[in-house]
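Enquirer: Quick one: the structure is below, questions incoming.
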Amino acid sequence: MNAWNIVEGRESSTSREIKADYLGLSSFKRLLYIGHTKKWYTDNPSVVRIVEFGSLKLLLKAIAVDIFKFCISNLIIYSTKLLDSDWWRRVQF
């Protein structure tokens, strides 16, 4: 079963990854507490840039603003971290 509907499935992988992060945040709202630090690891530099600085594309900007509002309203410290290119090689068995 596909996790994204037809419209979402046609969006860029970057927008789906940012949306997945927001959905993850909102899903774990009960487990997150004031001052909790949440770090999102990604291998996509566009995700890091959009979440931290925004985007000119309205959909990406809207999702980034939703993440920002969620974190502000729940007093969560949020950051993104770009994984280096060797990361996958190091975690493989």
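The values are calculated or read from the model by the stated rules, or taken from the named source; none is laboratory data. Just so it is clear, the model here is predicted, and its values are computed rather than measured. Heads up, the Cβs are rebuilt from the backbone with ideal geometry, glycines too, and the neighbour counts pull from every protein chain shown. Accessible surface is based on the protein model in full, side chains and every heavy atom, while ligands, DNA and RNA are left aside. Shrake-Rupley method; radii C 1.70, N 1.55, O 1.52, S 1.80 Å.
Enquirer: Can you compute the helix-only [θ] at 222 nm over the chain? Use -39500 (n - 2.57) per DSSP H run of at least 4 residues, normalise by all residues, nearest 500 deg cm²/dmol.
Expert: -15500 deg cm²/dmol
Enquirer: Tally Lys and Arg at +1 and Asp and Glu at -1 over the other residues with C-beta under 13 Å from the C-beta of VAL7: what net charge comes out?
Expert: Surrounding charge for VAL7 is +1.
Enquirer: Using the Cβ atoms and a cut-off under 14 Å, what net charge is assigned to the surroundings of SER27, where Lys and Arg are +1 and Asp and Glu are -1?
Expert: With Lys, Arg at +1 and Asp, Glu at -1, the net is +2.
Enquirer: Take the solvent-accessible surface of the protein heavy atoms, probe 1.4 Å, and return the percent of it on the chain that carbon and sulfur atoms account for.
Expert: The C+S portion of the solvent-accessible surface of the chain is 61 percent.
Enquirer: Could I have the simple spin-label model distance between ASP86 and GLU11, label points 7 Å from Cα toward Cβ, reported in nm to one decimal?
Expert: Computed distance between label sites ASP86 and GLU11 equals 3.5 nm.
Enquirer: Another question, then. For the pair PHE70 and SER27, how long in nm is the line joining their label points, each one 7 Å along Cα→Cβ?
Expert: Once both label points are built, they end up 1.0 nm from each other.
Enquirer: Which whole-number percent is the relative contact order of the chain (Cα, under 8 Å, 6+ apart)?
Expert: 36 percent
Enquirer: Here is a follow-up. Scan around GLY54 for amide H atoms under 5 Å from its own, H built in the peptide plane at 1.01 Å from N, and keep only partners 5 or more places away or cross-chain.
Expert: The answer is none.
Enquirer: A further question on this structure: Give, as a single signed number, the net charge of other residues whose beta carbon lies under 13 Å from the beta carbon of ARG49, with Lys and Arg counted +1 and Asp and Glu -1.
Expert: +1
Enquirer: Any idea of the accessible area per residue across the chain, 1.4 Å probe, to the nearest Å²?
Expert: Here the per-residue accessible area is 75 Å².
Enquirer: Could you work out the mean projected area of the convex hull around the alpha carbons of the chain, in square nanometres to one decimal?
Expert: 7.6 nm²
Enquirer: While we're on this one: Is any helix in the chain, taking whole DSSP H runs, at least 18 angstrom long along its axis by alpha carbon and on average at least -1.0 on the Kyte-Doolittle scale, and which ones?
Expert: 13-27, 58-73
Enquirer: 5 Å is the cut-off here: which amide hydrogens, built 1.01 Å from N in the peptide plane, fall below it relative to TRP40, excluding neighbours closer than 5 in sequence?
Expert: Answer set, sorted by chain and number: SER79, THR80, LYS81.
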